[in-house]
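Trainee: Structure incoming, see below.
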Amino acid sequence: MRKYRKSVRLAALSVLLSVFAHSAEADTLSKIKEQGFAQVGFSNLTPWGFVAENGELDGVEAVLIRAFLASQGVEGMDGVLTQYVSLIPALQAGRFDLIGAGMQIRPERCKQVTFGDPEWISQQAFATLSGNPKGLHSLEDITRKKGRLAVVSGGAEREYAVLNGVPEEQIVVFPDLATVAAGLRAERIDAVMFAAVSIRGFVKTQSQGDIEMVTLTKQPVGKDGKPAIGYGAIGFRKGDDALIAAWNDWLRKAKQSGELLRLVEPYGLEATDIPAEDITAESLCASK
């Protein structure tokens, strides 16, 4: 009898834990719908998130998340610009419901957050002063010509630079791309490396005719020895399965209908910047 009662108690506990886990997964999406807004963290990184001339939060991730929320019957978004490196900790601490930052799906990040399926694909590019004074077209050029390379704190570019032979003393870390333009003009750095779609937006918004985008003659390689092609996605807390499923469903339909391209084209993205539907966050995390 005691064994039976113990088994019943354990079974009941298992059911309760299962119900709790299910509720936890649906909690964030339900909370967003009930309160009528989502709390979203963005990095100050053009074209992903920035303050427009009218003082409103703008950018690729902002416009996509607003469109997604509207599809869920949610009209409000409490968007906060913060440093790139602070986004994941703030998401984990519950200060944000999701984060949009032009963030690439990376092995260590897959352990910390669950990514939505990728919205964009990009290779790396440089931005330099107009005319590219030092003739920098690859990381090999940075090393050989003793160029000073800027990277954004928390981004994948520092790892790429080190893996491809750039000495640490030639790497300068900035909090965000918004502060890099001043570094270029003051000649503290010779180039900044970031995802090409971000560099395109950076030059468009920051250049006064004195900064240009440089296409690399050779892409850096990652730990697997393959060219470092990045896939960017929205970040969610682990366990927020209902919210993640809703986002992925909306994103898939937006790709199929052309809505995704229509939303991102004003920010400089093109059809070739959008990954195929069969490339998922799950497959990218598993292959890293």
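Trainee: Any residue that is surrounded by 17 or more Cβ atoms within 10 Å (Cβ to Cβ) and either without any contact (Cβ under 8 Å) to a residue 40 or more places away in the chain or within 25 Å of T280 (Cβ to Cβ) (or both) - is there at least one of those in region 126-141?
Mentor: Yes.
Trainee: Is it the case that T82 is in contact with a strand residue (DSSP E or B) (Cβ under 9 Å, 6 or more places away or on another chain), of a type in the set (S, T, Y), under 30 Å from V221 (Cα atoms) and touching a residue at least 12 places away in the same chain (Cβ under 8 Å)?
Mentor: yes
Trainee: Need a quick list: strands (runs of 3 or more DSSP E) entirely within region 63-145 having at least 3 residues that are modelled with pLDDT of 95 or more.
Mentor: Fully inside region 63-145 and qualifying: 76-82, 98-104, 124-129.
Trainee: Please work out which residue is surrounded by the fewest Cβ atoms within 10 Å (Cβ to Cβ), limiting yourself to region 165-180 and to residues that are in a helix (DSSP H, G or I) and in contact (Cβ under 8 Å) with a residue 24 or more places away in the chain.
Mentor: Q170
Trainee: Take region 85-102 and flag every residue that is in contact (Cβ under 8 Å) with a residue 12 or more places away in the chain, open to solvent by 10 Å² or more (accessible area, probe 1.4 Å) and aliphatic (A, V, I, L, M).
Mentor: Correct list: V85, I88.
Trainee: Under the condition of being of a type in the set (V, I, T) and closer than 25 Å to Q206 by Cβ, which residue from region 231-288 is most open to solvent (accessible area, probe 1.4 Å)?
Mentor: T272
Trainee: OK, next. How many residues does region 143-164 hold that are open to solvent by less than 40 Å² (accessible area, probe 1.4 Å), more than 21 Å from the chain's Cα centre (by Cα) and either hydroxyl-bearing (S, T, Y) or within 22 Å of D224 (Cα to Cα) (or both)?
Mentor: Counting residues in region 143-164 that are open to solvent by less than 40 Å² (accessible area, probe 1.4 Å), more than 21 Å from the chain's Cα centre (by Cα) and either hydroxyl-bearing (S, T, Y) or within 22 Å of D224 (Cα to Cα) (or both) gives 1.
Trainee: Another question, if that's okay. Could you look through region 22-59, keep only residues that are outside any helix (DSSP H, G or I), of a type in the set (S, T, N, Q) and more than 20 Å from P89 (Cα to Cα), and pick out the one that is modelled with the lowest pLDDT?
Mentor: Only one residue fits best here, namely T46.
The values are calculated or read from the model by the stated rules, or taken from the named source; none is laboratory data. In this text, all values refer to a predicted model and were calculated from it rather than measured experimentally. Please note: Cβ atoms are built from the backbone with ideal geometry, for glycine as well, and neighbour counts cover all protein chains shown. When the accessible area is computed, the model is the full protein with side chains, heavy atoms only, and any ligands, DNA or RNA have been set aside. Shrake-Rupley method; radii C 1.70, N 1.55, O 1.52, S 1.80 Å.
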